[in-house]
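Step one of this worksheet: look at the structure below.
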Amino acid sequence: MRTPRRRLSYKERVQIHTLHELGWTQKSISAYLRIPQTTISHCIRSPITPTKGRGRQPIIDTPLRKLLVRHATENVEQRRKTREQIAHELGINVCRRTLIKAFEKELYHRRKATLKPWLSDFYKEERYWWASAYKDWDDEKWACIGWSDEVILRTGGGEIYVTRRAKERLYPNYCAPKFKEYASCIA
C-alpha cells in the first residue's frame, strides 16, 4: 500500500535545487533533508516553481461568459430577464447553476430591484430646493419637527429582479418605482 504523498514546500524545492547546484548527490540530499530519493530526483527534473495542473476545462469559458454578461446588460429589459432566458437567446444550453457561477465570476447577480419613490423632474427640483434650504439646521431645530412614518405594501405584480453588480443598487434604470397608490397604512 502506498503512503499518501505530500507536496514539497517552495522552501524545500529551493533547498533541493541549491544543494544540487552545489554538487551534492541525490542520495546525500535525500539523507540530509529526510526526503525520499525519488522525490529529490523528480524535484531536480522540474522547475523550482511547479506548474499548476490543468484540471477540468470550464463549461463556459471567458469569451462566452463575457458574451452572456454583455447580452444580459444591454438595456433595462434585458437586465430583467432571467439567466436562463439570456442563455436560451444565445443558444447556450447549460444548467442553472453553471449560469449562476458564470455571472458570479463577472460579479453580476440577480437581485431584487430597489424600490424608490418615482419622482418627476418637478419634484426632484422641489426636493433639491428643500434640502439646500434646510441643510444647515442643527439638531435642536430638527427636534421640533414632527415626522410621520408610512408603511407601503405592494399588492400584486410580484418582485422585480434585475441582473446587476452590487454597486449599481441605486442606478435609476435598475430600480422599481414605488407609488403612493399601492395599498398602504399609517404605522
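The values are calculated or read from the model by the stated rules, or taken from the named source; none is laboratory data. All values reported here derive from a predicted model rather than from experimental measurement. Here the Cβ positions follow ideal geometry from the backbone for every residue, glycine too, while neighbour counts run over all protein chains shown.
Here is how the numbers come out for the structure above:
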{"item": "Wholly enclosed helices (runs of 4 or more DSSP H) of the stretch 1-115 bearing at least 2 residues farther than 28 Å from PRO177 by Cβ", "result": "10-21, 26-33, 37-45, 62-72, 83-90, 96-105"}
{"item": "Residue satisfying condition, being under 43 Å from the mean Cα position of the chain (by Cα), surrounded by 14 or more Cβ atoms within 10 Å (Cβ to Cβ) and of a type in the set (Val, Ile, Thr), within set THR18, THR39, THR51", "result": "THR39"}
{"item": "Contacts under 9 angstrom Cβ, first residue in the stretch 158-170 being within 20 Å of GLU104 (Cβ to Cβ) and crowded, with 16+ Cβ neighbours inside 10 Å, partner of a type outside the set (Val, Ile, Thr) and modelled with pLDDT under 85, 6 or more apart", "result": "VAL162/ASN173; VAL162/TYR174; VAL162/CYS175; VAL162/ALA176; THR163/TYR174; ARG164/TYR171; ARG164/TYR174; GLU168/TYR174"}
{"item": "Boolean, ARG79 is touching a strand residue (DSSP E or B) at 6+ places or on another chain (Cβ under 8 Å) and either buried (at least 16 other Cβ atoms within 10 Å of the Cβ) or more than 27 Å from ASN173 (Cα to Cα) (or both)", "result": "yes"}
{"item": "Filter pass, TYR32 being of a type in the set (Ser, Thr, Tyr) and either surrounded by 12 or more Cβ atoms within 10 Å (Cβ to Cβ) or in contact with a Gly (Cβ under 6 Å, 6 or more places away or on another chain) (or both)", "result": "yes"}
{"item": "Every pair of residues 6+ apart whose Cβ atoms lie under 7 Å, when the first sits in the stretch 16-43 and is within 18 Å of ARG6 (Cα to Cα) while the second is among the hydroxyl-bearing types (Ser, Thr, Tyr) and part of a helix (DSSP H, G or I)", "result": "PRO36/SER30; GLN37/SER30; ILE40/SER30"}
{"item": "Leading residue by the ranking (surrounded by the fewest Cβ atoms within 10 Å (Cβ to Cβ)) among those in the stretch 82-132 that are of a type in the set (Gly, Ala, Ser) and more than 12 Å from ARG65 (Cα to Cα)", "result": "GLY91"}
{"item": "Residues that are at pLDDT below 85 and of a type outside the set (A, V, I, L, M, F, W, C), drawn from the stretch 141-166", "result": "LYS141, GLY146, SER148, ASP149, GLU150, ARG154, THR155, GLY156, GLY157, GLY158, GLU159"}
